[in-house]
Amino acid sequence: MRVAVFSTKPYDEKYLSEANQDSRHDFKFYETQLNEHTVRLAESYEAVCAFVNDKLDGNVLLHLFSGGTRLIALRCAGFNNVDLSAAEQLGMTVARVPAYSPNSISEYTVGLILTLSRNLHRSFTRTREGNFSLNGLIGFDIGRKTIGIIGTGKIGALTAKALQGFGCRIIANDVYQNDELINAGVEYVSRERLFRESDIISLHCPLMPDTQHLINADSIALMRDGVMIINTSRGALIDTQAVIAGLKSKKIGAIGIDVYEEEGNIFYEDRSDEILEDDVLARLLTFPNVVVSSHEAFFTSDALREISRQTIDNISTYESGGQPAGVIHNQAAQASTKPTATPSTVTQR
Ligand code: NAD
């Protein structure tokens, strides 16, 4: 099948080409993002392979459909950048890679927590400049802390288990409860109670209308003084302006984000020679207790290999007339159903 691949980096080309060993599919790699200005590049390609910051709104999907595209093969887990209703109306198939290596993201999450709890980011730059002072680097033991996990799916569950290994108390909030975690001692609580009781809050739920800006001025007000917030999920779960206010007032003690609500035009490019135009991100980067990374929690060789394998599998299955394993059903996506889980009795606030 002819596939137009957008937002391609050298590593995408390498891993996708390796997974396409038998050259069954004909890939055209474009470095540019997919959006209303670039959509013409996909004309006459039956499949489009897109990534997290490609924009697949109704307008772009309509153009793709007119140009002959019938399959959107996302090489990522999240699908908040795709207008699923529009795709459904057009009869287009949207497939993703729902689970390629949840370990890569959960391990990265734990890494962010440890970095901030022990100021590793500051130690690294200090010693490189010949500064061996410890002043200002006092950390804290996470084993004595309560960690609140919002979203206990694949990544959240692994993160909870990893943190239990440090001796942390884990509380969680999800629309579904994971019995395995309950048996392991995780307590499900309301979102409000999680905000009130957590020393560290880690976000692992998808971006949906009811999770957008779930970290906002009101929820921050409920939190413990000095709370640490970690987001390796999706940027718009956090109202960044509210977080900046929380950092300035010292209500928030530290924040680690791998995702940012306006990351689309910034992340994944070397902008070190440019003036950063995003004043919100620029302000965030001035705080010593903030770590920002460029949506890289997934970025391991294991994950890239598995993403490519499953993406090719989705395309091949579609080409053979079958239903790709990673197909997204619009209704299921909206309801965020999880057939193996127990409906939660936790009240959502
Ligand atoms: P998953 O579907 O396995 O788990 C998501 C969990 O969130 C589910 O248990 C679901 O019930 C829960 N949830 C849904 N709505 C909720 C709500 N309103 N409140 C609380 N919980 C809710 O997904 P996953 O694979 O664990 O991925 C989690 C997130 O990580 C996704 O948003 C994904 O986009 C993101 N992600 C980020 C990276 C990265 O590189 N930073 C890589 C992969 C995935």
Review point. When the accessible area of the stretch 169-283 is split by element with a 1.4 Å probe, what percent falls to carbon and sulfur?
Key: 45
Practice item. For the stretch 218-232, take each phi angle, set θ = phi - 60°, evaluate the Karplus expression 6.51 cos²θ - 1.76 cosθ + 1.60, and give the result in whole Hz per residue in order, putting x for glycine and proline. Key: 5, 5, 5, 4, 6, 6, 5, 4, x, 4, 9, 10, 10, 10, 10
Revision key, fill the gap. With all protein chains present, the stretch 1-108 has a carbon and sulfur share of its accessible area (1.4 Å probe) in percent of 45
**Study point:** GluC sites (Glu not before Pro) within the stretch 71-165: DSSP coil, no more than 11 neighbouring Cβ in 10 Å
**Key:** Glu129
Exercise for review: Just check the chain against the gyration tensor rule for me: Cα atoms, a ≥ b ≥ c as the square roots of the eigenvalues, rounded for a/c under 1.5, and otherwise prolate or oblate depending on whether a/b exceeds b/c.
Suggested key: prolate
Check your understanding: Taking the Cα atoms only, what angle lies between the long axis of helix 102-118 and the longest principal axis of the chain, rounded to 10 degrees?
Key -> 30
**Study point:** Charge sum, other residues only, whose C-beta stays under 11 Å from Ser316's C-beta, Lys/Arg counted +1 and Asp/Glu -1
**Key:** -1
Revision key, fill the gap. Amide H proximity to Gly226 below 5 Å, modelled H, separation 5+ or other chain, gives Ile252, Gly253
Review point. Short version: ³J(HN,Hα) in whole Hz for each residue of the stretch 311-320, in order, from phi by Karplus 6.51 cos²θ - 1.76 cosθ + 1.60 (θ = phi - 60°), x for Gly and Pro, what are they?
Key: 5, 5, 4, 4, 5, 5, 5, 4, 4, 7
**Study point:** GluC sites (Glu not before Pro) restricted to the stretch 4-70 and DSSP loop, no more than 15 other C-beta within 10 Å
**Key:** Glu31, Glu36, Glu43
Exercise for review: Any lysines with Cα under 27 Å of the Lys145 Cα? List them, leaving off those in the same chain fewer than 8 positions away.
Suggested key: Lys154, Lys161, Lys248, Lys250, Lys251
Check your understanding: If you average the sequence gap of Cα pairs under 8 Å that are 6 or more apart and divide by the length of the stretch 20-148, what percent do you get for the contact order?
Key -> 17
Practice item. Would you mind working out the accessible area per residue for the chain, using a 1.4 Å probe, and quoting it in Å²? Key: 47
Practice item. Work out the charge dipole of the chain with +1 on the Cβ of Lys and Arg and -1 on the Cβ of Asp and Glu about the Cα centre, then indicate which of Ile257, Val39, Gly111 is farthest towards its positive end. Key: Gly111
Study note, to complete from the structure: Percent relative contact order for the stretch 141-248, counting Cα pairs under 8 Å at least six residues apart, stands at 27
Revision key, fill the gap. Scoring the stretch 216-332 by relative contact order with C-alpha pairs under 8 Å, at least six apart, yields a percentage of 22
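The values are calculated or read from the model by the stated rules, or taken from the named source; none is laboratory data. This structure is a prediction, so every number in the text was calculated from the model and none was measured. Note that each Cβ is placed from the backbone with ideal geometry, even for glycine, and that neighbours are counted across all protein chains shown. The area values use the complete protein model at the heavy-atom level, side chains included, leaving out ligands, DNA and RNA. Shrake-Rupley method; radii C 1.70, N 1.55, O 1.52, S 1.80 Å.
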